[in-house]
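For reference, the structure is listed below as structure tokens.
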Amino acid sequence: MQNTTTLNLFSFNCRRVDYLKVFKCKICQEGYLGDAPPTHCPFCGAHQQYMIEARDFELQEYTLTDVSRRNLKEALNLEVSNAEFYFCAADRADNVADATMFKRLGKVESEHASTIVKELRKQSPDIIRDKNMCSNMNLDNLEESNQRETNAIRHYTRFLGEATEERIKEIFKAIIEIEKDHLSLTDGRF
């Protein structure tokens, strides 16, 4: 009797890509490799119109006004607090879908904080991932998430109206859109 070994070959259905492009988010300035821009920045959540080919990326110089500086500092505090809340809520979620959502939201809010410190030209703050600042009840955290996003939209709308720098207007406009997307994740769930 002869031993035979059978080699199983797996075939993968891969879509052929002629070449990858390098995209860059106009909001968070992170890069993305793909044959097309993503529908949303995988880092900060900015909508597709903010994803441009990296070779076309250029930031114009500007001087930050005192009003925008103050508003960016307030925005930074909001984003850090929201990120810390989401990391706490992720740890206490009672199901994998909400834990995943909260963790991703924590990362997105952290990226918003990173974006803001770039404009303030300061060092990124520490975001504490195990801060005790959320409920042990998932439903309560869903409701608080909705309140936090609503509060952020209200603040960013005011900041947008007070901004005179085109770059700052673009950031606040994009973040308002992103926060509205976040609201849709919790609407009607509590």
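The values are calculated or read from the model by the stated rules, or taken from the named source; none is laboratory data. The shown structure was predicted, so the numbers you read here are calculated from the model rather than taken from an experiment. Note: ideal-geometry Cβ built from the backbone for every residue, glycine included; neighbour counts use all protein chains shown. The accessibility values were calculated without ligands, DNA or RNA, using every heavy atom of the protein model including side chains. Shrake-Rupley method; radii C 1.70, N 1.55, O 1.52, S 1.80 Å.
When the residues of region 44-76 are filtered to those that are in contact with a strand residue (DSSP E or B) (Cβ under 9 Å, 6 or more places away or on another chain), farther than 23 Å from G161 by Cβ and not in a strand (DSSP E or B), which remaining residue is most open to solvent (accessible area, probe 1.4 Å)? Show your work before the answer.
Taking region 44-76 and keeping what is in contact with a strand residue (DSSP E or B) (Cβ under 9 Å, 6 or more places away or on another chain), we get 44, 46-48, 50-57.
Subset that is farther than 23 Å from G161 by Cβ: 48, 51-57.
Now narrow it down to the ones that are not in a strand (DSSP E or B): 48, 54-57.
Numbers: Q48: 82, A54: 35, R55: 185, D56: 100, F57: 47 Å².
Checked region 44-76; the qualifying residue most open to solvent (accessible area, probe 1.4 Å) is R55.
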Would you say E30 is closer than 19 Å to K173 by Cβ, at pLDDT 95 or above and among the acidic types (D, E)? yes
If you scan region 80-124, which residues turn out to be of a type in the set (G, A, S), free of Cβ contacts under 8 Å to residues at least 60 places away in the same chain, in a helix (DSSP H, G or I) and under 17 Å from I27 (Cα atoms)? S110, A113
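Of everything in region 165-190, what is of a type in the set (G, A, S), open to solvent by 10 Å² or more (accessible area, probe 1.4 Å) and in a helix (DSSP H, G or I)? Give them in sequence order. Working first, answer last.
Initial filter on region 165-190 (of a type in the set (G, A, S)): 174, 184, 188.
With open to solvent by 10 Å² or more (accessible area, probe 1.4 Å) added as a condition, the list becomes 184, 188.
S184 - this is the single residue of region 165-190 that is of a type in the set (G, A, S), open to solvent by 10 Å² or more (accessible area, probe 1.4 Å) and in a helix (DSSP H, G or I).
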Residue by residue through region 41-58, note down the ones that are within 16 Å of T115 (Cα to Cα) and within 14 Å of the chain's Cα centre (by Cα). C41, P42, F43, C44, G45, A46, H47, Y50, M51
In region 26-40, what count of residues is obtained for those that are closer than 23 Å to I116 by Cβ and among the charged types (D, E, K, R)? 2
Residues within region 124-164 that are open to solvent by 80 Å² or more (accessible area, probe 1.4 Å) and closer than 30 Å to D66 by Cα, tallied: 5
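Just to be sure, is V96 β-branched (V, I, T) and under 28 Å from Q49 (Cβ atoms)?
Values: β-branched (V, I, T): yes; under 28 Å from Q49 (Cβ atoms): no.
No; evaluated as a whole, the condition is false for this residue.
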Mind checking which pairs have a first residue in region 150-167 that is within 14 Å of A75 (Cα to Cα) and a second that is open to solvent by less than 70 Å² (accessible area, probe 1.4 Å) and among the polar types (S, T, N, Q), Cβ under 6 Å, 6 or more apart or different chains? F159/N71; A163/S68
Could you tell me which residue of region 80-100 is least open to solvent (accessible area, probe 1.4 Å), considering only residues that are out of contact with any Asp or Glu (no Cβ under 9 Å at 6 or more places or on another chain) and aliphatic (A, V, I, L, M)? A93
